[in-house]
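Reading through the structure tokens given below for one structure.
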Amino acid sequence: MEILQYALRKLLAGLPLIFGVTLVSFALMVYFGPDMTYQLLGKNPTPEQILEVRHQLGYDQPFLQRYLGFLREIVTFNFGESSTGEPVTALLAKTIPVSLILILPGFILGHVVGLLLALAAAYWRGRWPDKLIMAIAVIGMSVSFLIVIIGFQIVLSSSDGLDLFPVRGWNASSLGSYLSYVTVPTLATMFVALGYDTRFYRSVIVEEMTRDHVRTARAFGLPESRILLRNILKNCLIPFITRVMFSIPQVAIGGALLIESYFGIPGIGKATYEAIVTGDQPVLKAVVSLTAILFVLVVILNDVLYRVVDPRVTLK
Amino acid sequence: MKIVGKKFPRKAISVLFVGLNRLISAFLAIFLVCSLAGCGPPSGSGAASPALKTFHFAMDQAPTTLDPVQGANIYANFVIVNAYDTLYSYQYLARPYLLKPNLAVDFPTVSADGLIYTFRLKKGVRFIDDPCFPGGRGREVVAEDFIYSIKRQFDPENQPQGAWLWQGRITGLDEWKAAGSDYAQPVSGLRAIDEHTLEIRLTRPYPQLTATLAQGYSALVPREAVEKYGKGLGVRPVGSGPFRLVSYDTARVVMERNPNYRQEPVDLAAEGYNPATQKFSGVEAIQGRSPPFIDRLEFNFINESSASWSSFTKGDEVQLTVLPIEQIDRVLASKRPVTLRPEYAAKYHVYGGLEAGFVFTAFNMDYPEFGYNPDPERERRNQALRCAMLKGYDWEARNHSWYFGLGEYFPGIIVPASPEFDPALSRASVTRDVAGARKLLKDNGWTPDNLPTIVYGTTAGTTERLFFEQFRAWMRDIGFPRAKVVQKTYANFGDISRAWKRSQLPLVAKGWGLDYPDAENTLQLFYGPNASPGSNDANWKNPEYDRLYEESSVLQPSPERTALYHRMNQIVLDDCVAITGISRTRIYLWHKNVIAVPDREILGGFWLKYVDLKPEPANIPALVKGG
């Protein structure tokens, strides 16, 4: 009950954040964003036709009226039609699940494998396994995501490489085809994520391992697995949760954008990319709103999880 | 100091693996739920059955809509002309491009004064079956569908993009729009004489009318579909073309054969077949057969050239692509003629297709620094300045830097793809002459101190920056100080278009694709009344040019009209109003099991219904079944 009350309070407190984010992003879109007028005009437009298109797009309305319309769209979750004529909500319903099942394996495996490697590196701290893992992590962090994508595509998928997977495309109608299409994007995502995650997890674990209570527990003769789970990992959970939770929006939007674009996957990232390129404001507005809402939800969930893993945390 | 005991890893890691297993199980559960909820494509829409003849090809951009009313770009037209019918189309293989009847029975009957066109439509052509029709069965295409579709271009609610083709041309159409675009009201210049006969009355002769009726804008759309789907028609075409849409997203479009498409056996001679240059493609195999020959079309939108190339060379993931510039030295054995290295020639066909359009840079004459000026003497010197910049421009270098050296640069604004192109025209305006440019500047009193600052507008991007740097280097060669040639960047094409249309950029560097193979389509770019926001971004107003344009605009194709076109072209050159121009060459590569001559000009995918796939051992049963 306490958690529910806290979540509701945080949700209410998050409303100004959503309001602020939407206001700033909407102002940026209106004053600095792409002007669709001249993309929707024919090759030889007249001034009257320009006015007609501006009117159709609502560009001739005052800023406040347009912003209120935007808020209404958020509340009703009706963002109108994209430039293709498809309702934006239908577009989101079609693309978000694709992005979810695309990103989830890389996201989960990236963190899990990162944690395992971090444990190994921490265990053999200062020795060659630690140095090897950290060196690989630095490579993962140093190489551009774009290069990683192209490299994995060439090595794993192209006829010049191993030719094991499709170069691009998407088909999740069966588990087999899904795995064939998701593997390379997942490996590319993991490769980059591992660098950051492993270094982060290692530093947290190493710090925890050197604390007095761990040394005391070991002096009491507690089994190492218990020390690991109860004394080390449990105490690491707060930074772990923070790391995982705050990478969700970043992965959901930023990661999917590049991955989907290069692998030809019709998810929300590619839809967002196309919307940016073509100035499709209804789609951009929906994505901006969803991202803001996602951030607020992540913050709430993050705080709730703190409470779950550490009863000393008070939800106030 | 040893920190961790020896027993730590084994047991600890086994505990962690239990957690990992749970996580994977949870993920699989999410996947199954998503699959059931429809995350993946519906059965049959995504992956083609191997029994089907499927042609996969790559395009560098996705269409933004499939509604003919907004079918402005080549990407949209690739789909539109295959989903819908237009009255006319282009011969599959004829170059230069030649019109042919499509939904029309033949070419129109034209009255003696050139004002009344009568078209006969083919009988028995039906729209695809769709829930928008009573009983879900597509009804017959009739003349009223054409009238309705043209009216849509004059209804502001549709944000139409094709009205400029018929604006001020068809009697009563502008008035119909001014009266509120009420579809119940007739348009005096559009009349269905009967279900299969159509009459168009013009306000003045319009020789290009028939060609405009080949464009995607004029595609016949059933009213029932618009009323049922509204703007949703942009993702759900309902036409009578050779293919019907299966799925459309940002990554690809899938179409399948329209099973009710009319039977019209191919006559290669009537399609402009030239055995000397096209026999290699194997198109003789389609002679006498009725298209479409393939079951499915897959348009893959691949903006990244590395991905496109990997998909193409992998096998049959993509069977047709445009050769990326970074692969040219690896793949081509020679450029003129375009030939492949043996290892590629064994697998692929190649064709270098010249663009039906051009790239040019116009001087915006609204800028008194080098355009119109109240001081006649300064205006004379400005003309000399423009001419000097033309002389300083290095078309050969541009061709080699950006277009494999395969582009065709030419003087003036009549492009090589136009039937009126004059190959004998002096090439002085496209031949670099730095000394001549410097002399011209000096003779007209231009010095580094008094030269005006040139603002070169581009969209943001590395390539655009390189375009600018190259331009600046050429201008420095003729005497411009570095600081006097500056770049102004815009976030995207919409923003720079706005600057052009508002006459806010001194130099307008852009490309133009022909809407129809007639030099009028590029000559109108410099017609005075088309000044901004119209297509005359140069805002050039030359009374003699305008008079000739008006005189030629009512003439049917003839030597007399061609002579007028050539005179207009020369006026543009003499006044040095634009640095022009080059038609780029695209190199198409396609797998040898594909029978086709690819193209992407004018109408985009008008040739796709003629594509066939050679039978391969594994496919023979399917081919027999698929016809």
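The values are calculated or read from the model by the stated rules, or taken from the named source; none is laboratory data. Note that this is a predicted model, so its numbers are computed, not measured. Cβ atoms come from the backbone with ideal geometry, glycine included; neighbour counts cover every protein chain shown.
All but one of (1) within 12 Å of another protein chain (Cβ to nearest Cβ); (2) at pLDDT 90 or above hold for A:ILE276; state the number of the condition that does not hold.
(2)
What single numbered condition from (1) charged (D, E, K, R); (2) free of Cβ contacts under 8 Å to residues at least 24 places away in the same chain; (3) buried (at least 22 other Cβ atoms within 10 Å of the Cβ) fails to hold for A:ASP163?
Evaluating A:ASP163 over (1) charged (D, E, K, R); (2) free of Cβ contacts under 8 Å to residues at least 24 places away in the same chain; (3) buried (at least 22 other Cβ atoms within 10 Å of the Cβ) leaves (3) as the failure.
What number of residues within the range B:182-203 are over 24 Å from B:SER535 (Cβ atoms) and either β-branched (Val, Ile, Thr) or within 14 Å of chain A (Cβ to nearest Cβ) (or both)?
3
Results for (1) touching a residue at least 12 places away in the same chain (Cβ under 8 Å); (2) of a type in the set (Val, Ile, Thr); (3) out of contact with any Phe, Trp or Tyr (no Cβ under 7 Å at 6 or more places or on another chain), shown as yes or no for each residue.
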site: B:ALA76; (1), (2), (3): yes, no, yes
site: B:PRO96; (1), (2), (3): yes, no, yes
site: B:VAL110; (1), (2), (3): no, yes, no
site: B:VAL125; (1), (2), (3): yes, yes, yes
site: B:ARG137; (1), (2), (3): no, no, yes
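Residue pairs, Cβ under 9 Å, 6 or more apart or interchain, first in the range B:556-585 and at positive phi and surrounded by 19 or more Cβ atoms within 10 Å (Cβ to Cβ), second in a strand (DSSP E or B) and modelled with pLDDT of 95 or more. List them.
B:CYS576/B:PHE363
What residue, among those in the range B:257-305 that are within 14 Å of chain A (Cβ to nearest Cβ) and more than 23 Å from B:LYS592 (Cβ to Cβ), is modelled with the highest pLDDT?
B:PHE301
Of all residues being closer than 16 Å to B:ILE128 by Cα and part of a strand (DSSP E or B) in the range B:215-249, which is nearest to the other protein chains (Cβ to nearest Cβ)? Just the residue, please.
Looking at residues that are closer than 16 Å to B:ILE128 by Cα and part of a strand (DSSP E or B), I get B:SER247.
Where the second residue is at pLDDT below 90 and part of a loop (DSSP other than H, G, I, E, B) and the first is within 9 Å of another protein chain (Cβ to nearest Cβ) and within 24 Å of B:THR313 (Cβ to Cβ) and lies in the range B:58-74, which pairs have Cβ atoms under 7 Å and are six or more apart or on separate chains?
Filtered contacts from the range B:58-74: B:GLN61/B:ASN303; B:ALA62/B:THR250.
Somewhere in the range A:221-231, is a residue more than 10 Å from chain B (Cβ to nearest Cβ) and within 29 Å of A:LEU102 (Cα to Cα)?
no
Can B:GLY479 be described as touching a residue at least 40 places away in the same chain (Cβ under 8 Å) and under 29 Å from B:SER218 (Cα atoms)?
It is false that B:GLY479 is touching a residue at least 40 places away in the same chain (Cβ under 8 Å) and under 29 Å from B:SER218 (Cα atoms).
Take the residues of the range B:463-498 that are within 14 Å of chain A (Cβ to nearest Cβ) and assigned to a helix (DSSP H, G or I): which is surrounded by the most Cβ atoms within 10 Å (Cβ to Cβ)?
B:ILE496
Only one of these is polar (S, T, N, Q), loosely packed, with under 15 Cβ neighbours inside 10 Å and at pLDDT 90 or above: A:THR210, A:THR216. Name it.
Going through A:THR210, A:THR216 in turn, just one is polar (S, T, N, Q), loosely packed, with under 15 Cβ neighbours inside 10 Å and at pLDDT 90 or above: A:THR216.
Spot the failing condition for A:ALA7; the list is (1) modelled with pLDDT under 85; (2) within 14 Å of chain B (Cβ to nearest Cβ), and only one is missed.
Only one criterion in (1) modelled with pLDDT under 85; (2) within 14 Å of chain B (Cβ to nearest Cβ) is unmet by A:ALA7, namely (2).
I need the full set of residues from the range A:138-160 which are farther than 26 Å from B:GLY315 by Cα and crowded, with 17+ Cβ neighbours inside 10 Å, in order please.
A:GLY140, A:PHE145
Please verify whether the range B:445-462 includes one or more residues that are in a helix (DSSP H, G or I), within 29 Å of A:TYR31 (Cα to Cα) and under 35 Å from the mean Cα position of the chain (by Cα).
yes
Look at B:LYS151 and say whether it is within 30 Å of B:ALA531 (Cα to Cα) and within 14 Å of chain A (Cβ to nearest Cβ).
no
Within the range A:123-137, can you find the residues that are of a type in the set (Gly, Ala, Ser) and either facing chain B (nearest Cβ under 8 Å) or surrounded by fewer than 20 Cβ atoms within 10 Å (Cβ to Cβ) (or both)?
Hits for the range A:123-137 are A:GLY126, A:ALA135.
Testing B:LYS442 on (1) in contact with a helix residue (DSSP H, G or I) (Cβ under 9 Å, 6 or more places away or on another chain); (2) over 29 Å from B:GLN208 (Cα atoms), one condition comes back false. Which one is that?
(1)
Hey, can you tell me all the residues within the range B:145-163 that are touching a residue at least 60 places away in the same chain (Cβ under 8 Å) and more than 22 Å from A:GLU81 (Cα to Cα)?
B:ASP145, B:PHE146, B:TYR148, B:ILE150
Within the range B:500-520, can you find the residues that are within 11 Å of another protein chain (Cβ to nearest Cβ) and over 22 Å from the mean Cα position of the chain (by Cα)?
The one that is within 11 Å of another protein chain (Cβ to nearest Cβ) and over 22 Å from the mean Cα position of the chain (by Cα): B:ARG502.
Do any helices (runs of 4 or more DSSP H) entirely within the range A:18-113 hold 3 or more residues that are away from chain B (no Cβ under 14 Å) and crowded, with 17+ Cβ neighbours inside 10 Å, and if so, which?
A:63-76
Could you list, in sequence order, all residues of the range A:150-180 that are in contact with a Pro (Cβ under 8 Å, 6 or more places away or on another chain) and at the interface with chain B (Cβ under 10 Å from one of its Cβ atoms)?
A:SER157, A:TRP170, A:ASN171, A:ALA172, A:SER173
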